[in-house]
Protein chains: 2
Amino acid sequence: MFQIAPTIKDVARLSGLSTATVSKYLNGFSVKEQNRIKIESAIKSLNFSVNSLARGLKTNRTMTVGVLIPSLENIFATSIVSHIERVLQEHGYSTIICDYNGSAKLENAKFDFLMNRFADGIIIMPLGLSEEKVRNALEKDVPIISIDRPMKNRECDVVLADNMNASYNAVEHLITRGHREIGIICGPQDIYTAQERLKGYLRVHEDYGMQVDEKNIKYGDYGIQSGYDMMKSFIKESGRVDAVFVTNYEMTLGAVMAINEMNIRIPDELSFIGFDNQHLATVVKPNLTIVVQPIRQIGECAAELLLRRLNGDKTNHPAVYRLKTELHEGHSVR
Amino acid sequence: MFQIAPTIKDVARLSGLSTATVSKYLNGFSVKEQNRIKIESAIKSLNFSVNSLARGLKTNRTMTVGVLIPSLENIFATSIVSHIERVLQEHGYSTIICDYNGSAKLENAKFDFLMNRFADGIIIMPLGLSEEKVRNALEKDVPIISIDRPMKNRECDVVLADNMNASYNAVEHLITRGHREIGIICGPQDIYTAQERLKGYLRVHEDYGMQVDEKNIKYGDYGIQSGYDMMKSFIKESGRVDAVFVTNYEMTLGAVMAINEMNIRIPDELSFIGFDNQHLATVVKPNLTIVVQPIRQIGECAAELLLRRLNGDKTNHPAVYRLKTELHEGHSVR
DNA sequence: TTGTACGCGTTATCAC
DNA sequence: GTGATAACGCGTACAA
């Protein structure tokens, strides 16, 4: 009943050759034609496949890349990963995906797990990954690519969106449409993307010679509930602002809920710009104007960069790829 | 620069003990107190961690579970996985997540990948996984749990939602509210869940002595576009149906887009019931009445079942867990 | 309780 | 082109 996995030895025995020859065949070296046939038939009849644990132990390469994201329920993250995976797979790499459930502690643990499993490289959307771990990895020649936000120490390659200009352009869009009191729902200010997005808001005000009213800036936590709460508080201070810009997907979701609940007519009573996720934008009425991040490009760029690093190309390290966002116009801005 | 990973030998040398002792310590056996201290300090100063490849090679266990889903962008799937992961982690297991991008071929390849990496067990949302592979795995004592839909051969444990009754209850809700011409947008009829959901629709008609009009049944492909198309065609045959039930999340998304575009007033002109995803339901106006699947329970049940199997408990195999769905009432039904 | 010696399945280095 | 054999790092008899 319990079936023990066949090994190269078994294949060698069955085909009357040595393990060395079989191993060579398995690794793409040339073998005498008739031996090739023997080996192939032996493999088939034994249903043999190489033990990648043993192979990894020997070669120190596993042809596996680890991807670490905050949460599997973060659609932004998983979308990027699916592009990463596609590119890597085309180059013979498998992908192991882990999530750390928004916990820096778990993040560090999972990072260890991946290193331990001998991931040849790691792509991570970092939170509080210890700098030491990154340095360790780099020293062991395991390339690390950071996506969406830079690592604290900035010692590693990073691929991200141009958050500052994303925000700048969105708010500028509102300004050129005649809005003057523009509310913004930001993320936590200890998070890089949130800082950048606020910076864009501030800078465009400066460039247009507009005073920033502190009351127009509200801080959420990038979660649905906080988007809902902040939006509601904007609405309750009726008339304070004539437009609101929400700076991530989850908070956009919450803000729309609040708008619906309070029966605010968009864009007549209030203009609105959201973030990420085109599906959400087209499913609500009126269609939302939103900032769209270059999800596909982020994924592809990160994967290709990693592949270069895996091939020993260390030019330009640490590299920074800052990709442009787009403003998709719906009908939520007057 | 290039740092070679320390081994048990190194730890043994540094602590003046043998590899055997160190190994015992690492595996939780008791060691003399002063030796324990020596070992721990050696481990720390070397920054040692066990090579899990070597360990796995030796023990045939990796404490790793593979999870295989159709797509990372399938929020239903990833939500389940996040619950699976939480439970497994509490029991010392790591999780490797793979997606097969909706391709049965890739699905089989990734399954091999997981088996090959010595996943101790596998949880899969299957599409066209070869029965042979499943049997092979079971023979090698690697438990396989199917989620969301049963495997073709039905030889393996499965945890899923009660799709038939989900659909039955949704349509019954429409009937008791006075609807008689009820449209349904189904999934592809070669997919299990789609079959079951249609079955519920048919059965409730039967039970209420209502004739089923073939024209009220439209077949999509579970994708956004098809939900949009089918909904539009219902709308165009104006008056055909006075309610529409959409049977998965993506098609619900598409259907809502069509409704918005055609300016159909819900529920005045048309009653509507969607599927999955509470966020979508609360974000559109009016809030949608939807079928909610027991995502958390599916994940937890699958993980716990797998843990039992991993511990050698084979009672009741192949087990079937059919979990109840709920109908969340919004304001989209008249 | 501790140490020695060997095996796990594979690859790489030699000789042939 | 092929075959014998020494690693890779860990777990575990077995003996001490």
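The values are calculated or read from the model by the stated rules, or taken from the named source; none is laboratory data. Predicted model, so just to flag it, every value in this text is computed and none were measured. Cβ: placed from backbone, ideal geometry, glycine included. Neighbour counts: every protein chain shown.
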Of B:Val81, B:Val67, which residue is closer than 22 Å to A:Arg86 by Cβ, outside any strand (DSSP E or B) and at pLDDT 95 or above?
B:Val81
Selection over segment A:96-136 where residues are in contact with a strand residue (DSSP E or B) (Cβ under 6 Å, 6 or more places away or on another chain), at the interface with another protein chain (Cβ under 10 Å from one of its Cβ atoms) and under 23 Å from A:Ser52 (Cβ atoms) yields a count of 6
Across segment B:24-70, what is the total count of residues that are of a type in the set (Gly, Ala, Ser) and more than 16 Å from DNA strand C (Cβ to nearest atom)?
3
Going by the conditions given, is A:Val158 within 9 Å of chain B (Cβ to nearest Cβ), at pLDDT 95 or above and touching an Asp or Glu at 6+ places or on another chain (Cβ under 9 Å)?
no
So which residues in segment B:231-263 are in contact with a helix residue (DSSP H, G or I) (Cβ under 6 Å, 6 or more places away or on another chain) and free of Cβ contacts under 8 Å to residues at least 60 places away in the same chain?
B:Met231, B:Lys232, B:Glu250, B:Leu253, B:Gly254, B:Val256, B:Met257, B:Ala258, B:Met262
If you scan segment A:1-47, which residues turn out to be polar (S, T, N, Q) and either loosely packed, with under 14 Cβ neighbours inside 10 Å or more than 9 Å from DNA strand D (Cβ to nearest atom) (or both)?
A:Gln3, A:Thr7, A:Ser18, A:Asn27, A:Ser30, A:Gln34, A:Ser41, A:Ser45, A:Asn47
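Listed here are the residues, each with its yes/no results for (1) modelled with pLDDT of 95 or more; (2) under 22 Å from B:Ser71 (Cβ atoms); (3) surrounded by fewer than 22 Cβ atoms within 10 Å (Cβ to Cβ); (4) in contact with an Asp or Glu (Cβ under 9 Å, 6 or more places away or on another chain).
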position: B:Ser103; (1), (2), (3), (4): no, yes, yes, no
position: B:Asp112; (1), (2), (3), (4): no, yes, yes, no
position: B:Ile147; (1), (2), (3), (4): yes, yes, no, no
position: B:Lys152; (1), (2), (3), (4): no, yes, yes, yes
position: B:Glu172; (1), (2), (3), (4): yes, no, yes, yes
position: B:Lys199; (1), (2), (3), (4): yes, no, yes, no
position: B:Val204; (1), (2), (3), (4): yes, no, no, yes
Is it true that B:Gly299 is closer than 17 Å to B:Ile185 by Cα, small (Gly, Ala, Ser) and within 14 Å of chain A (Cβ to nearest Cβ)?
no
Going through (1) small (Gly, Ala, Ser); (2) within 12 Å of DNA strand C (Cβ to nearest atom); (3) closer than 30 Å to B:Arg296 by Cα one by one, B:Ser15 fails only at (3)
Checking A:Ala119 against (1) modelled with pLDDT of 90 or more; (2) surrounded by fewer than 18 Cβ atoms within 10 Å (Cβ to Cβ), the condition it does not meet:
(2)
Residue within segment B:28-48 that is at pLDDT 90 or above and on the phi > 0 side of the Ramachandran plot present:
no
Anything in segment A:65-95 that is facing chain B (nearest Cβ under 10 Å) and of a type in the set (Ser, Thr, Tyr)? List them, or say none.
A:Ser71, A:Thr78, A:Ser79, A:Ser82, A:Ser94, A:Thr95
